[in-house]
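What follows is a single structure, written as structure tokens, with notes after it.
Please treat every number below as a calculation from the coordinates, not as lab data. Keep in mind that this is a model prediction, so the values were computed, not measured. Don't worry about glycine lacking a Cβ; one is built from the backbone with ideal geometry, like all the others, and counts go over all protein chains shown.
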Amino acid sequence: MARPHIEPFVDRDVPFKKLTLPGFPKGMQYKMLSLDPDNGACTMTVLFEPGYKQPPGMSYSEYELFIQSGSIQIGDKVWGPGSYFFVPAGVAIEQLTSSRGATALLFFNYGEPSWVESETDHPLAERQRFRAVNSYNDLQWSSTNFYPATAPGCMVKVLAFDERTQAFTFLYCMTPNFWQDNISYHDCAEEAYHIWGTSWMMQFGDLPTGGYFYRPPYINHGAFGCKLGTLALGRTDSRLYNHFHFNPWTSLEENKERAASRVQHWMPDLYKWINTHGHNHPVDFEFAHGHAHGDTAHHHGDGQVDHVHKRKKRRRR
Ligand SMILES: [Fe+2]
């Protein structure tokens with residue numbers, strides 16, 4: 001099972017807890033926003049306590065870090081609010097400290113949080129995919145280039161794009177009095193966190209500052225609107241396509257049926273080939289290791305590098 005549907009959730013309603021996972025230094029606190037119980041992938045709000053110090057190290061899982069308030073220092077450089085890091089599995093970063101503390105969002109997309117001290121990358125690490133940018137200062141807003149598009153007034157800054165899965169992470173804003181009157185669903189899961197502002201969704205009500213959702217594929221959402229403006233961080237786990245419609249009563253099955261029939265019309269040859277030749281497990285010659293989502297038990301995707309699970313001893317049957 002993947003992550004459950006969580007919507008709406010507001011992190012202001014729950015207290016921080018101490019993060020005591022093996023390997024992580026003391027001084028980090030967290031609020032769990034969503035968790036995949038099978039592989040440990042999760043999204044958290046985290047608090048680095050003043051004086052936090054983390055030696056150089058790496059994670060076995062890909063992670064993303066977005067600074068909301070305060071600042072952290074990595075090596076010689078200080079990173080304030082809006083700073084974003086995409087750290088592929090096994091990529092080592094320099095010492096991380098926070099002298100006055102910071103709050104951040106922390107995403108482990110494919111596996112449980114892990115941390116080991118290391119000055120060097122794991123041999124399988126894809127260092128070229130590492131990214132660090134201050135998204136508030138150094139990126140411009142652009143209109144969404146999705147088709148069919150969201151209504152005007154919703155703008156994005158793309159922070160990370162995975163060429164293999166087309167998953168992407170983006171900062172987005174809604175202008176005051178933004179509204180969109182149709183209903184949408186996607187073939188991907190999407191999650192979002194409100195850094196500031198309140199927006200309204202027909203099915204789920206108001207989502208205020210600190211609000212979060214994790215929404216699996218094919219769930220109807222919309223109409224939606226925003227009275228005073230919103231700044232948020234969003235992420236999908238694969239390609240985002242807006243299946244728009246106006247019937248609030250369609251079921252997940254009906255939404256899937258319609259999406260599948262669209263694929264049949266868009267890519268008839270591929271659709272037929274997949275259906276008639278038992279090709280439900282195509283070989284990916286471009287990306288050699290494993291499945292894109294890392295969701296099979298025997299094979300890590302590119303979001304996780306191989307390692308020995310020391311803590312988990314499986315009982316023999
Ligand atoms: Fe959506």
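Can you sort Cys226, Cys188 so the residue with the fewest Cβ neighbours within 10 Å comes first?
So the residues, fewest neighbours to most, are Cys188, Cys226.
Summing Lys, Arg as +1 and Asp, Glu as -1, what charge do residues with Cβ under 13 Å from the Cβ of Phe16 carry, Phe16 excluded?
+1
Pairs Lys18/Lys256; Lys17/Lys256; Lys157/Lys256; Lys18/Lys77; Lys17/Lys77: which are spaced more than 32 Å apart, C-alpha to C-alpha?
Beyond 32 Å: Lys18/Lys256; Lys17/Lys256.
If R₀ is 41 angstrom, what is the calculated FRET efficiency for the pair Phe285 and Ala149, using the beta carbon separation as r and rounding to 0.05?
Working: r = 33 Å, r/R0 = 0.81.
Efficiency, from the Cβ-Cβ distance: 0.80.
Work out the charge dipole of the chain with +1 on the Cβ of Lys and Arg and -1 on the Cβ of Asp and Glu about the Cα centre, then indicate which of Gly23, Leu228, His186 is farthest towards its positive end.
Gly23
Compute the separation of the alpha-carbon centres of segment 1-43 and segment 68-119 and state it in Å as a whole number.
Comparing the Cα centres of segment 1-43 and segment 68-119, I get a distance of 16 Å.
Classify the chain from the C-alpha gyration tensor, please: rounded if a/c falls under 1.5, else prolate or oblate depending on whether a/b exceeds b/c. Mind dumping the intermediate values first?
Values: a/c = 1.76, a/b = 1.18, b/c = 1.50.
Cα axes put the chain in the oblate bin.
Percent relative contact order of the chain, based on C-alpha pairs within less than 8 angstrom and at least six residues apart?
Relative contact order of the chain: 17 percent.
Rounded to the nearest 500, what is the 222 nm mean residue ellipticity of the chain from helices alone, with -39500 (n - 2.57) per DSSP H run of 4+ residues and division by all residues?
Rounded to the nearest 500, it is -2500 deg cm²/dmol.
Quick one: if the Förster radius is 22 Å, what FRET efficiency do Arg12 and Met202 give, using the C-beta to C-beta distance and rounding to 0.05?
Working from the Cβ atoms, E equals 0.45.
Hey, with R₀ at 30 Å, roughly what FRET efficiency would Arg239 and Trp273 work out to, going by the Cβ-Cβ distance, to 0.05?
Once rounded, the FRET efficiency stands at 0.95.
At a 10 Å Cβ-Cβ cut-off, how would you order Ser251, Ser99, fewest neighbours first?
Exposure proxy ranking, most exposed first: Ser251, Ser99.
Kindly identify segment 115-176 as rounded, prolate or oblate by the Cα gyration tensor criterion: order the square roots of the eigenvalues as a ≥ b ≥ c, call it rounded if a/c is under 1.5, otherwise compare a/b with b/c, prolate if a/b is larger, else oblate. Show your work: numbers first, answer last.
Values: a/c = 3.63, a/b = 2.09, b/c = 1.74.
Taking the square roots of the gyration eigenvalues as a ≥ b ≥ c, segment 115-176 is prolate.
About its Cα centre, what dipole magnitude does the chain give when the only charges are +1 on Lys and Arg Cβ and -1 on Asp and Glu Cβ, stated in debye to the nearest 20?
With only Lys, Arg, Asp and Glu charged at Cβ, the dipole is about 920 debye.
Sum up the charges of everything whose Cβ sits under 15 Å from the Cβ of Phe66, counting Lys and Arg as +1 and Asp and Glu as -1, but leave Phe66 out.
-1
If each residue's Cβ is checked for other Cβ atoms within 10 Å, how do Ser199, Ser142 rank with the fewest at the top? Mind showing how you got there, number by number?
Working: Ser199 22, Ser142 10.
Taking fewest neighbouring Cβ atoms as first place, the list is Ser142, Ser199.
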